[in-house]
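Have a look at the structure below, then the notes.
The values are calculated or read from the model by the stated rules, or taken from the named source; none is laboratory data. Fair warning: this is a prediction, and the values are worked out from it, not measured in the lab. As a convention, Cβ positions derive from the backbone with ideal geometry for all residues, glycine included, and neighbour counts pool all protein chains shown.
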Amino acid sequence: MDQSVSTPPLAPFEHPLLLCFSHLRWDFVFQRPQHLMTRAAAHYTVVFFEEPVFEPVQRPLLRRRSVACGLEVVTPVLQNRQSAIDTDKTLAILLDRLVSEIEHDQLVTWYYTPMALKFTAALHEDVCVYDCMDELSAFKNAPPELERLEQQLFIKADVVFTGGMSLYEAKRGRHPSVHAFPSGIDTAHFHQARRPQTDPADQQSIAHPRVGFFGVIDERFDIDLMARTAAAMPNVEFVTIGPVVKIDPATLPTGPNIHWLGAKRYAELPEYMAGWDVGWMPFALNAATRYISPTKTPEFLAGGLPVVSTAIADVVQTYGRRGLVKIADASSMPSALRTALREGPVGMTKVDAFLSGMSWDSTWKAMHDFLTPAKISRHATSSRLVDHV
């Protein structure tokens, strides 16, 4: 007689809660955290916990707003002139109250910033995720304790995801369960740029041909390359969209063919892209860009644009060696852009075939598989590479 006993599958949680701790504000630039947390809300009650703001309030409070079904953005509002220690204590109290108010039978913590460990020690999560989307310690004005706290997060986390292949290689030896999930793509959204669109008002008067960039303008953006390239190509218009942070706006190059249009909503990007002739990525090659995997690479391609980039490692390995993106340095950038303008986009069949496995939906599904009761194992014994390249 067979004496074996089968183990029934674990029942799904009825009220799972996911707390996401991010260094990026929800309304800043719609990118990886927003894409993933929007999809996570189909499975969890999601709370996107932002870094605090300081205002002349009588007592600390949490500013809460719903941004999608099952997804709430929470911003701590603290009193002015608090010390760092008092700030962390206050955040811990506010967070404890928030969690106690939300009915849940499972708690998942999802960290984008190790700095959140300073006020989350009292949480008793069932699963801890570190989604390491960037090497934050290499960014300008990085907190001095960030590397120490990241090491603590590697100890605490059940699973670690990375935002690119270079970052995966750098982190894979620091935790037993590290998995690479490079930038995804919202294909349907950016496919809109392949169709004729009404040119936005602030772009209508700009002549063609146009070379465009959208994204955060910070220490990763090579403003000297922008100035030199625009000067070398006076008959080409350079359009740049995005917020300027951590650098003095007065240092941005100016000229008759340089156009800084400021930050735009995610929903507006296809309208601007439809009026561009080339997408370019003039990233500086420095410590801040060593491990980046720019989300805009697949977004430009999905929008039907030829793409030219500096030699960012993940762009070269993932796109350049397949002929999907032209790679150039300062001296060859004008020539590469002229070639892209002349030849137009890479064949869309080739582009679409490559991008077909890179949707944010499939990325979230693969990530979520690691969080199910049957799959999660604290400090698993092997790491896996999710190969999108």
Tell me, please, whether a residue that is in the same structural domain as residue 314 (by TED's automatic domain parsing), in contact (Cβ under 8 Å) with a residue 40 or more places away in the chain and either touching a helix residue (DSSP H, G or I) at 6+ places or on another chain (Cβ under 6 Å) or under 30 Å from residue 37 (Cα atoms) (or both) can be found in the stretch 248-255. no
Which of the following residues is acidic (Asp, Glu), assigned by TED's automatic domain parsing to the domain that holds residue 26, in contact with a Leu (Cβ under 7 Å, 6 or more places away or on another chain) and under 29 Å from residue 292 (Cα atoms): 135, 145, 150? 135
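Suppose the filter is farther than 29 Å from residue 355 by Cα and modelled with pLDDT under 95; does residue 223 pass it?
Numbers: farther than 29 Å from residue 355 by Cα: yes; modelled with pLDDT under 95: no.
No: the conditions fail for residue 223.
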Out of (1) of a type outside the set (Lys, Arg); (2) closer than 17 Å to residue 297 by Cα; (3) buried (at least 17 other Cβ atoms within 10 Å of the Cβ), the one residue 150 does not meet is (2)
Some residue of the stretch 161-173 being surrounded by fewer than 23 Cβ atoms within 10 Å (Cβ to Cβ), part of a loop (DSSP other than H, G, I, E, B) and either of a type in the set (Asp, Glu) or not assigned by TED's automatic domain parsing to the domain that holds residue 308 (or both): no
Here are the criteria: (1) in contact with a strand residue (DSSP E or B) (Cβ under 8 Å, 6 or more places away or on another chain); (2) modelled with pLDDT of 95 or more. Tell me which single one residue 380 does not satisfy. (2)
Can you pull out every residue in the stretch 264-286 that is of a type in the set (Gly, Ala, Ser) and surrounded by 16 or more Cβ atoms within 10 Å (Cβ to Cβ)? 274, 275, 279, 284
Checked pairs for the stretch 3-25, first closer than 25 Å to residue 153 by Cα and among the polar types (S, T, N, Q), second modelled with pLDDT of 50 or more and surrounded by 10 or more Cβ atoms within 10 Å (Cβ to Cβ), C-beta under 7 Å and 6 or more apart or across chains, list as 22/33; 22/48; 22/50; 22/112; 22/113
Would a scan of the stretch 319-328 turn up a residue that is modelled with pLDDT of 95 or more and closer than 26 Å to residue 38 by Cβ? yes
Restricting to the stretch 296-337, name every residue that is closer than 14 Å to residue 183 by Cβ and among the acidic types (Asp, Glu). 299, 314
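Conditions (1) of a type outside the set (S, T, N, Q); (2) at pLDDT below 95; (3) under 23 Å from the mean Cα position of the chain (by Cα), marked per residue:
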| residue | (1), (2), (3) |
| --- | --- |
| 197 | no, yes, no |
| 200 | yes, no, no |
| 204 | no, no, no |
| 207 | yes, no, no |
| 213 | yes, no, yes |
| 227 | yes, no, no |
| 264 | yes, no, yes |
| 267 | yes, no, yes |
| 270 | yes, no, yes |
Do we have any residue at all in the stretch 119-133 that's touching a strand residue (DSSP E or B) at 6+ places or on another chain (Cβ under 8 Å), buried (at least 21 other Cβ atoms within 10 Å of the Cβ), assigned to a helix (DSSP H, G or I) and of a type in the set (A, V, I, L, M)? no
Which of the residues that make up the stretch 64-88 are of a type in the set (D, E, K, R), surrounded by fewer than 14 Cβ atoms within 10 Å (Cβ to Cβ) and within 29 Å of the chain's Cα centre (by Cα)? 64, 65
Quick check on my filter: what residues within the stretch 110-125 are without any contact (Cβ under 8 Å) to a residue 60 or more places away in the chain and in contact with a Phe, Trp or Tyr (Cβ under 6 Å, 6 or more places away or on another chain)? none
